Amino acid sequence: MKVKKMKNENISKSMKIFWQNKDINEINEINKKRSETLLNECVWIKKEGEKPFPCKIEYLLSKLSQGFLIVNTEKNILKLNRIFGEIPDFLIANKNK
């Protein structure tokens, strides 16, 4: 567990340095691309009792096999239905939180 905490701290420090070295135009461009990716290429998944997080659609089947469920929101379900067709109910979380 200590190794994971150290890794997370190193990532946090790296991200702070990354964002400090950007001007406002670069930050806006990066955030725009991140928002578009989340909107178009990601669905929200979670494990019961855990916080939801975005997952790229190409990794969705792998995550579902690991016990994650699809967050039950209208946008999520519509996006998945558009891509895969109808999604079985047992893959969708009962609650969002």
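Remarks
- Within region 68-86, residues that are polar (S, T, N, Q) sit with their Cβ atoms under 8 Å from residues that are part of a loop (DSSP other than H, G, I, E, B) and surrounded by 11 or more Cβ atoms within 10 Å (Cβ to Cβ), at 6+ positions apart or across chains, in these pairs: Asn72/Ala93; Asn72/Asn96; Thr73/Asn96; Asn81/Ile87.
- Members of region 1-44 found to be at pLDDT below 70, exposed (fewer than 10 other Cβ atoms within 10 Å of the Cβ) and over 24 Å from Tyr59 (Cα atoms), listed by number: Met1, Lys2, Val3, Lys5
- Gly49 modelled with pLDDT under 90 and surrounded by fewer than 10 Cβ atoms within 10 Å (Cβ to Cβ): yes
- Note on region 78-94: residues that are farther than 16 Å from Glu58 by Cα and either assigned to a loop (DSSP other than H, G, I, E, B) or within 15 Å of the chain's Cα centre (by Cα) (or both) total 4.
- Residue check, Lys56 more than 12 Å from Ala93 (Cα to Cα) and among the charged types (D, E, K, R): yes
- Applying the criterion of being under 17 Å from Phe53 (Cα atoms) and basic (Lys, Arg) to the residues of region 67-89, the residue that is surrounded by the most Cβ atoms within 10 Å (Cβ to Cβ) is Lys79.
The values are calculated or read from the model by the stated rules, or taken from the named source; none is laboratory data. No experiment lies behind these values; they were computed from the predicted model shown. Note that we place each Cβ from the backbone using ideal geometry, even for glycine, and neighbour counts take in every protein chain shown.
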